[in-house]
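Structure first, then comments.
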Amino acid sequence: MAPKWRELADKLAERIRSGEYAPGQQLPYIRDLVEAGEGSKSTVHAAYRALEAEGLVTSSRGHGTVVREQAPLKRLGIARYDKAKWRDGDEVAFIADRVASGRAYKRGEQTQTISRVPAPPIVAQAHGLPEGAEVYARARLVKEGDQPTHTLTSYYRPEHVEGTRLVDPTPGPAGRGGGFRVLYDAGYEIDHMREELFARVPKPDEVEQLKLLPGEWVVELHRTTYTADGTVVEFAVGVHAATRFAWSYDFKVPDSAAEAPK
């Protein structure tokens with residue numbers, strides 16, 4: 001027989017999944033469930049902790065226990081980098097994800113710090129620089145409302161971005177079209193990129209920064225961006241809360257045999 005707290009957690013979970021408790025709605029206070037005969041204070045507290053560990057609710061001082069938004073952001077693949085979005089329009093890559101997800105971006109949901117730092121080994125290797133050579137690090141924290149979704153730190157060679165908006169610490173995207181438009185205007189049009197993904201347990205500072213739930217993993221992204229002649233103009237490292245994104249890829253299937261010269 002399941003313990004009392006598990007039975008209560010399952011009952012509340014079913015109400016959440018059925019929509020009886022909607023995203024953003026606060027669950028009853030612990031004392032109210034105790035008074036309603038659902039169990040002792042420790043039983044209800046254990047049930048709420050279980051719901052939080054399962055990603056169904058969040059708990060915080062002053063806000064109680066609130067049902068989480070269950071629809072993850074769609075994180076586009078190739079389509080998020082469409083040049084028509086940033087070169088000919090004003091859409092930044094992560095905002096393209098918001099549009100595809102039917103969600104809006106509000107001013108203030110991206111902050112950043114800019115610093116000139118010695119290149120870490122992985123950054124130096126990507127840029128073809130000696131380890132320790134100076135690069136610009138543009139570190140962003142992106143939120144949806146009050147909930148952080150991911151961090152992204154882009155590393156640039158100083159000669160590519162000195163004097164541009166990419167080294168301006170003003171919060172928010174780097175102007176119309178974002179960073180790719182800035183590079184384009186500086187004479188570095190992006191041509192292709194490579195992305196690598198790694199799932200892992202978060203570091204303690206990432207748990208705090210992304211407000212991760214107990215047991216929630218992160219997806220680490222490495223993005224290398226090239227011009228047509230193979231020059232690396234950006235190497236970026238992103239850390240994404242795993243449950244807050246659904247990664248979406250839509251691309252033409254290659255047929256190298258058909259494309260090979262006869």
Under 5 Å between amide H atoms, partner at least 5 residues away or on a different chain: which partners does ASP191 have, H built in plane at 1.01 Å?
TYR226, THR227, ALA228
Given charges of +1 on the Cβ of Lys and Arg and -1 on the Cβ of Asp and Glu, with all other atoms neutral, how large is the dipole of the chain about its Cα centre, in debye to the nearest 20?
520 debye
Under the 0.36 nm per residue contour assumption, what length would be gained going from the current alpha-carbon distance of ALA228 and GLN25 to full extension?
68.1 nm
Just to be sure I understand the model, the point goes 7 Å from the Cα along the line to the Cβ. What's the resulting ARG15 to GLN125 distance in nm?
5.2 nm
Could you bin all the Cα-Cα distances of region 4-67 into 5 Å bins starting at 0 and give me the percent of pairs in each, rounded to whole numbers?
4, 20, 31, 30, 14, 1
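By average Cβ neighbour count within 10 Å, what is the ranking of 165-172, 147-154 from highest down?
Ranking the peptides 165-172, 147-154 by packing returns 147-154, 165-172.
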Obtain the nm distance between the two label points defined at GLU134 and HIS192 by a simple spin-label model: each point lies 7 Å from its Cα along the Cα-to-C-beta direction.
3.4 nm
Assuming R0 = 30 Å, can you tell me the calculated FRET efficiency for the pair ARG103 and ASP32, based on Cβ-Cβ distance, to the nearest 0.05?
0.40
So what's the angle, to the nearest 10 degrees on a 0 to 90 scale, between helix 41-53 and the longest Cα principal axis of the chain?
20 degrees
Distance between region 13-57 and region 188-217 - C-alpha centres, whole angstrom:
30 Å
Integer Hz, Karplus 6.51/-1.76/1.60 couplings in order for region 124-130, x for Gly and Pro
4, 5, 5, 8, x, 10, x
Just the projected area, averaged over all directions, of the convex hull on the alpha carbon atoms of the chain: how many nm²?
18.9 nm²
Quick one: among VAL34, VAL142, VAL239, which has the greatest mean-square fluctuation in a GNM of the chain with alpha-carbon springs under 10 angstrom?
VAL34
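Bear in mind these aren't lab numbers, they're just calculated from the coordinates by the rules spelled out. Bear in mind that the values here come from a model prediction, so they are computed numbers and not experimental data. Because the Cβ atoms are built from the backbone with ideal geometry, glycine has one as well, and the counts that use them run over all protein chains shown.
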